[in-house]
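Chemist: There's a structure below that I have some questions on.
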Amino acid sequence: MSPQPPEAAATQPVNPQLNPLSVQAASLVRSIDALSTIFWLCFLGFFLSIFFAGLAQLEDNTYTDYLFLGEYKVPKAILPLASLSFAVFAFWLVSNRLQMLSYVLGTTTLSFSMVRDLFHLNPPVLHVFDESNNNPWSPISGVSVFVFIWSVFFGNAIALVWAGVVQQSASFSEFDPVLMGVYAIAFVGVIIFGVRSIAPPLRAILSTLHGINFQMGWQRMVMAGLVMVLTFGINEFEQFAAMTDQDDDLLGPAYANAIDGETLFMKGIEVSLFGIDAVERDQICQNQLGQDYPCGSRATQALQELVQQQQVICMPIVGINVRRVLALCELLGEEPPPARRQEFLRGYRYNNLSRLMVVNGHAIGIGAGADTYNEEQVEAQTLRKGIWQGSFVPPRLWRSSN
């Protein structure tokens, strides 16, 4: 048989043989690269949590249900849900890639020296696979830094929950303990999910690479708890500062002035009356004839008339910042004022300002006040007092649209 011409030989298909070791090395490198990308995603969530938690503490944002970003506004209610969703997604991604990497390491025929070289040539962010991670006392090991970052994230996320639930109660006298409990359970559940999904594959990888029995360690757990508490405390420092400089933790007795139908100014502090939502100062309502009238300014005037001639004493409940608190307040009568918080809470307080504003028809009971002042509100509605003489938009809805 005559040999084929050179042109025919050149057209023959080439079937190169892939080196299995090259394929395994490429798989290992891609798994490490994927983890590095995911770790950068975790860094992004870390910085965003700091950014939004800081925004929530700005004075213009503490009195509303939104965080204002220029002309845009972000509802506070979605930030805790967004934080939890991001945490679950990030933990799932990290766990998934760790399991993939663990599988590649467990099935590879590469030499361990080559595997270690690949990790050193292309290390993932934080160096979480170094042998030094077996020392739980090391604050700069990759795992410790990873735990620190997530602890700051959760501390800021809890601060966002506080801003959305407790700061709202201090601004609008409205507090939902059930919602707070649900968030608490959800946060604990997400943290447990993260630890249980990430620790096993990480332990398997470190065992394969270094022959060590990696444990997260109580030291890192304690550090995580302290960092979360510290981060939350930094965010909410003003709220946990002393709400009054009096030894009995009360505010007053002192003369006060009305800012609006539910807020007093006394001793240099703005005091929101607990349990009520009064019509806003600029709000317009309709009387029994359907005519507009300034119900908001009338509510402010009514509160001013109550405190005009008598001193007021208040029991702060929660602080929104160093200049504003949510409190139970009452007019001083002939009886001596309460000497401590326990005395303030004892018995029926006829001169309670929240009660007086509701019974005179200038405010509605909300939160705990909806039950406490229910009889007074029914009485005002029956007698057509104040805002009940005609129609009005509930103050909360009026604020949202104005």
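Chemist: So how far apart, in nm, are the two label points at residue 116 and residue 48 if each is 7 Å from Cα heading toward Cβ?
Modeler: In this crude spin-label approximation the distance works out to 3.9 nm.
Chemist: Please work out the FRET efficiency for the pair residue 179 and residue 66, using the Cβ-Cβ distance as r and a Förster radius of 22 Å; give the result to the nearest 0.05. Don't jump to the answer; show the numbers that get you there.
Modeler: Details: r = 18 Å, r/R0 = 0.80.
For R0 = 22 Å, the calculated efficiency reads 0.80.
Chemist: Another question, then. Set the Förster radius R0 to 56 Å, insert the Cβ-Cβ distance between residue 270 and residue 92 as r into 1/(1 + (r/R0)^6), and round the FRET efficiency to 0.05.
Modeler: Given R0 = 56 Å and the Cβ-Cβ separation, E is 0.80.
Chemist: How big is the gap, in Å, between the Cα center of region 264-283 and the Cα center of region 89-158?
Modeler: The two parts, judged by their Cα centres, are 52 Å apart.
Chemist: A further question on this structure: Please work out the FRET efficiency for the pair residue 345 and residue 289, using the Cβ-Cβ distance as r and a Förster radius of 41 Å; give the result to the nearest 0.05.
Modeler: Working: r = 43 Å, r/R0 = 1.05.
It comes out at approximately 0.45.
Chemist: When the helix-only estimate is applied to the chain (DSSP H runs of n ≥ 4, each -39,500 (n - 2.57), divided by the residue count), what is the mean residue ellipticity at 222 nm, nearest 500 deg cm²/dmol?
Modeler: Working: 15 runs with 219 residues, N = 402.
After summing the helix terms and dividing by the residues of the chain, the value is -17500 deg cm²/dmol.
Chemist: Putting +1 on Lys and Arg Cβ atoms and -1 on Asp and Glu Cβ atoms, find which of 72, 93, 41 reaches farthest to the positive end of the dipole of the chain.
Modeler: Result: 93.
Chemist: Hey, another quick one. Between region 175-219 and region 333-402, how far is it from one alpha carbon centroid to the other, in angstrom?
Modeler: Cα centroid to Cα centroid, the span is 46 Å.
Chemist: About its Cα centre, what dipole magnitude does region 251-401 give when the only charges are +1 on Lys and Arg Cβ and -1 on Asp and Glu Cβ, stated in debye to the nearest 20?
Modeler: Values: 14 positive and 16 negative charges, 66 e Å.
Charge dipole, region 251-401, about its Cα centre: 320 debye, nearest 20.
Chemist: Let me ask something else. Sequence neighbours fewer than 8 away in the same chain don't count; with that in mind, list the aspartates and glutamates whose C-alpha is under 16 Å from residue 76.
Modeler: Reachable aspartates and glutamates: 59, 60, 65, 174, 176, 236.
Chemist: Work out the length of the dipole vector of the chain about its Cα centre, built from +1 on the beta-carbon of each Lys and Arg and -1 on the beta-carbon of each Asp and Glu, and round it to the nearest 20 debye. Provide the component values of the computation, followed by the final result.
Modeler: Working: 22 positive and 33 negative charges, 235 e Å.
So the magnitude is around 1120 debye.
Chemist: Using a Gaussian network for the chain with springs between C-alpha atoms less than 10 Å apart, which of these wobbles most: 108, 263, 300?
Modeler: Maximum among the listed residues: 108.
Chemist: Additional query: Among 141-148, 67-74, 209-216, 274-281, how do they line up by average Cβ neighbours within 10 Å per residue, starting with the highest?
Modeler: Values: 141-148: 20.9, 67-74: 11.9, 209-216: 14.4, 274-281: 26.2.
By packing density, highest mean first, the sequence is 274-281, 141-148, 209-216, 67-74.
Chemist: Right, here's the next one. Across 20 Å bins from 0, what is the distribution of all Cα-Cα pair distances for the chain, in whole percents?
Modeler: 22, 37, 23, 13, 4, 1, 0
Chemist: Now, a different point. Apply the Kirkwood formula to region 251-401: the hydrodynamic radius equals the inverse of the mean of 1/r over all pairs of different alpha-carbon atoms; give it in Å with one decimal.
Modeler: Values: mean 1/r = 0.0643 Å⁻¹.
Here the Kirkwood hydrodynamic radius works out to 15.6 Å.
Chemist: Given points 7 Å out from each Cα along the Cα-Cβ axis, report the residue 30 to residue 78 separation in nanometres with one decimal.
Modeler: So the two model labels end up 3.5 nm from each other.
Taken together, the values in this text are just the output of simple stated rules run on the coordinates, not laboratory data. Computed from a prediction, not measured in an experiment: that's the story for all the values here. Cβ coordinates were reconstructed from backbone atoms using ideal geometry, including for glycine residues, and neighbour counts include every protein chain displayed.
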